[in-house]
1. So how much slack lies between Ala45 and Gln14, counting 0.36 nm per residue of separation and subtracting their Cα-Cα distance, in nm?
2. Lys and Arg at +1, Asp and Glu at -1: add these up for the other residues within a Cβ distance under 9 Å of Leu101 and post the number.
3. Once amide H atoms are placed 1.01 Å from N in the peptide plane, what residues at a sequence separation of 5 or more from Gly57, or on another chain, have their amide H within under 5 Å of its amide H?
4. Search the structure for amide H atoms under 5 Å from the amide H of Val35, placed 1.01 Å from N in the peptide plane, and list their residues when 5 or more places away or on another chain.
5. Sorted by average packing, counted as other Cβ atoms within 10 angstrom per residue and highest first, what order do 97-103, 2-8, 32-38 take?
6. Can you give the FRET efficiency to the nearest 0.05 for Asp3 and Leu53, using r as the Cβ-Cβ distance and R₀ = 25 Å?
7. If packing is taken as the mean number of other Cβ atoms within 10 Å per residue, what is the order of 77-87, 14-24, highest first?
Amino acid sequence: MTDTSPDAFYAAAQAAIYDFPAPFRAAAAAVALVVKDYPSAEMLAELGMRDPLELTGLYDGIPMTEKSVFQQPMGPDTVWLFRMPILSEWRQRGDVDLGTLIAHVTVHEFAHHFGWSDDDIATVDRWWE
């Protein structure tokens, strides 16, 4: 992948979602996907983070395993992908295709929607090795 535009990031994330197994792909359809250059100051503050380059993606919503008919969400569950932090990680790593990195971040954030914790995800996806 050579195009680093927001539209190319969105298309790469959509392709990753399309590759989900059917039950997960169907559940992902209810989640908004948003590509922004950087996380907002409010997002960083909520997470206790200062450096916007440290946050490549974020799931904002109620995981499927915790949803209840009694909860009325204020908006759709959303997966945020942050283009500049992803590009920064890609350049620093130098050993991974950009499309693969975008897919990794997308899968990680949707895993939170499906109810997986960071520890659960790390057990399956040993990305850092």
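Any read-out appearing in this document is the output of simple, stated calculations on the displayed coordinates, not a laboratory observation. Every value quoted in this text rests on a predicted model; they were computed, and no experiment measured them. No Cβ is skipped: glycine too gets one built from the backbone with ideal geometry, and neighbour counts run over all protein chains shown.
1. Details: separation 31, 0.36 × 31 = 11.16 nm, distance 2.82 nm.
8.3 nm is the gain from fully extending Ala45 to Gln14.
2. Details: positive: Arg93; negative: Glu89, Asp97.
Taking every other residue near Leu101 into account, the sum is -1.
3. Those lying under 5 Å, H to H, from Gly57 are Phe82.
4. Leu81
5. Details: 97-103: 18.0, 2-8: 11.6, 32-38: 15.3.
Averaged packing, sorted descending, gives the order 97-103, 32-38, 2-8.
6. 0.75
7. Working: 77-87: 20.1, 14-24: 12.8.
The densest-packed peptide leads the list: 77-87, 14-24.
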